[in-house]
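Inspection log for the structure reproduced underneath, given as structure tokens.
The values are calculated or read from the model by the stated rules, or taken from the named source; none is laboratory data. None of the values given here were measured: they were computed from a predicted structure. Using ideal geometry, Cβ is built from the backbone for each residue, glycine included, and neighbour counts are taken over all protein chains shown. Remember, those area values only see protein heavy atoms, side chains included, never the ligands or the DNA or RNA. Shrake-Rupley method; radii C 1.70, N 1.55, O 1.52, S 1.80 Å.
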Amino acid sequence: MTKNSLNELDGKEWVKTTKSVWIDSENCKHFQSVEQMIETGILISSAPPREKLKKLHPATFSENDIKKLVNFFTKPGETVLDPFLGTGTTAVVCSELNRKCIGIELYEKWYEIAKQRVGMSTDDIKINLGDALTYLQKMENDSIDFIVTSPPYWNVLSKIDHKAKRERQQFGLSTDYGQNPKDISLIGTYEEFLDMLYRYFVEFYRILRKSKYVTIIVSDFRHKQKYYMFHADVAQKLEYTGFTLQGLVTLVQDNKKLYPYGFPTTFVPNICNQFIVIVRKVG
């Protein structure tokens, strides 16, 4: 076994210290509400156990987190768009909260699961199968009240690491979305991937009503030996589009399993948080 030449920590302490969020449990006791935590730029994700259908997808987000965003940024009857719908979480939440929803999903497998979770499409909850960019380009100007989504994190799902093996591969669960040539996670280089995201953001700006908001849920990631600050690159592309950057919320996922990346020689973070990039159409 390779000797630890960096510090005096044992394996357990090493892994704990590589968490991407360090929480001061004593200070957290003083928070009286979720609102107080949001004011600090921190939000603890409170994800319920994933239901059987939702668990089939390799990258989902919590209904509880989406409820907070939809409740904050919309009123009943307004229209929410999620162009990377996945298994339909945004549509499920909008149905519960009396919001209209337009969801778009590229892969038929996830589209069918979304329909099962939501029920049949109605005038208020519309679930569409196909390429999101094509749909967006056909939508009317100034027709959407709020956009909430989590795009692919480039090709991060192509990695079969400790996490993928332990949490998905051994159970026969999907470790990627699929192989559709329209899938932007399959784009060759990171720069080309960001350029394609920018094309989506241009359409976001066009179809969003004035003074309304977009929230993009993303995570930073590593690819080979490089660390990518994906949230910052997404924010920059949104600003190039014309949006005004309103702020950033750190979504702490403190229940994630930790893995011994880099042990015992190199610091490699266990990423236990996402970022919610929040922008507004001011002009």
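Which numbered condition in (1) within 24 Å of residue 209 (Cβ to Cβ); (2) at pLDDT below 95; (3) among the aromatic types (Phe, Trp, Tyr) is the only one that residue 146 fails?
(2)
Being touching a residue at least 40 places away in the same chain (Cβ under 8 Å) and either open to solvent by 40 Å² or more (accessible area, probe 1.4 Å) or over 23 Å from residue 196 (Cβ atoms) (or both) is the filter here; which residues of the range 107-126 pass it?
If the condition is that a residue be touching a residue at least 40 places away in the same chain (Cβ under 8 Å) and either open to solvent by 40 Å² or more (accessible area, probe 1.4 Å) or over 23 Å from residue 196 (Cβ atoms) (or both), then 109, 113, 116, 117 are the ones that fit.
For the range 215-283, give me every one of the strands (runs of 3 or more DSSP E) that falls completely inside it and has 1 or more residues that are in contact (Cβ under 8 Å) with a residue 60 or more places away in the chain, open to solvent by 20 Å² or more (accessible area, probe 1.4 Å) and under 24 Å from residue 90 (Cα atoms).
Output list reads 244-252, 273-280.
Filter the range 222-250 for residues that are among the basic types (Lys, Arg) and modelled with pLDDT under 90 and give the result.
Answer for the range 222-250, where residues must be among the basic types (Lys, Arg) and modelled with pLDDT under 90: 222, 224.
Among the numbered criteria (1) open to solvent by 60 Å² or more (accessible area, probe 1.4 Å); (2) modelled with pLDDT under 90; (3) not in a helix (DSSP H, G or I), which one does residue 209 miss?
Evaluating residue 209 over (1) open to solvent by 60 Å² or more (accessible area, probe 1.4 Å); (2) modelled with pLDDT under 90; (3) not in a helix (DSSP H, G or I) leaves (2) as the failure.
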